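The values are calculated or read from the model by the stated rules, or taken from the named source; none is laboratory data. Since the structure is predicted, the reported quantities are computational estimates derived from the model, not experimental observations. Cβ atoms come from the backbone with ideal geometry, glycine included; neighbour counts cover every protein chain shown. Surface areas here come from the heavy atoms of the whole protein model, side chains and all, with no ligands, DNA or RNA. Shrake-Rupley method; radii C 1.70, N 1.55, O 1.52, S 1.80 Å.
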Amino acid sequence: MKIKTGDKVQVIAGSYKGTVGEVKQVFPKTNKVVVEGVAIAKKHLKPTQVNPDGGIVEKEAAIDASNVMVVDAKTKKPSRVGYRVEKDQKVRYTKKSGSTIK
């Protein structure tokens, strides 16, 4: 999986298409990511000792990683990601401008 936690990504498909956000969580086994401000779902919580009122909480749901692209820092546009070796270290880079991703 070429998307990592903390990457700035843009949604390229679905009802949130065009939205830019930061990746909060990555699930490589299921190929899903949680992006900040995308796929907001309402979760109903039962009353517990910690939260005696319970209630309805809005939280981000996971979306498929194929529906997001990393935003290039130079061009500010979505770009594909590749790998290359620099100084005996494997690094990720954006294919649009060739800049490395931190």
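Using a simple spin-label model with pseudo-atoms 7 Å out from Cα toward Cβ, K29 and M1 lie 1.1 nm apart. With a 1.4 Å probe rolled over the protein heavy atoms of all chains, the accessible area of M1, M69 falls in the order M1, M69, largest first. Evaluating 6.51 cos²θ - 1.76 cosθ + 1.60 at θ = phi - 60° for every residue in the range 86-102, the Karplus couplings come out as 10, 6, 6, 9, 7, 10, 8, 9, 8, 6, 5, 10, x, 6, 7, 9, 7 Hz, glycine and proline recorded as x. Derived scalar couplings between HN and Hα for the range 44-51 equal 8, 10, 6, x, 10, 5, 6, 10 Hz in order, rounded to whole Hz, by the Karplus curve 6.51 cos²θ - 1.76 cosθ + 1.60 (θ = phi - 60°), x for Gly and Pro. For the chain, a crude dipole built from +1 on the beta carbon of Lys and Arg and -1 on the beta carbon of Asp and Glu, taken about the Cα centre, is about 480 debye to the nearest 20.
Multiplying the residue separation of K74 and V57 by 0.36 nm and removing their Cα-Cα distance gives an extension gain of 2.5 nm. Hydrodynamic estimate: the Kirkwood radius of the chain over Cα pairs, inserted into Stokes-Einstein at 25 °C and 0.890 mPa s, corresponds to D of 162 µm²/s.
Pairwise Cα distances in the range 24-65 exceed 15 Å in 52 percent of cases. Under 17 Å from a label point set 7 Å out along the Cα-to-Cβ vector of K46, the amide N atoms of the range 53-68 belong to 53-57. Measure up K2/K24; K17/K76; K32/K96; K77/K102; K24/K59 against 22 Å on the Cα-Cα distance and list the ones that go over. As for pairs spanning more than 22 Å Cα to Cα, those are K32/K96. In the context of the full set of protein chains, residues of the range 8-79 present 68 Å² of accessible surface per residue (probe radius 1.4 Å, heavy atoms only).
With contacts taken as Cα pairs under 8 Å and at least 6 residues apart, the range 1-99 reaches a relative contact order of 23 percent. Using all C-alpha to C-alpha distances in the range 1-54, build P(r) with 10 Å bins and read off the rounded percent in each one. Percent of Cα pairs in each bin: 22, 39, 23, 16, 0. Working note: Karplus 6.51/-1.76/1.60 with θ = phi - 60° gives the range 22-32 the couplings 9, 6, 8, 8, 10, 10, x, 5, 9, 6, 10 Hz, where Gly and Pro are set to x. Of the solvent-accessible surface of the chain, computed with a 1.4 Å probe over protein heavy atoms with every protein chain present, carbon and sulfur atoms account for 50 percent.
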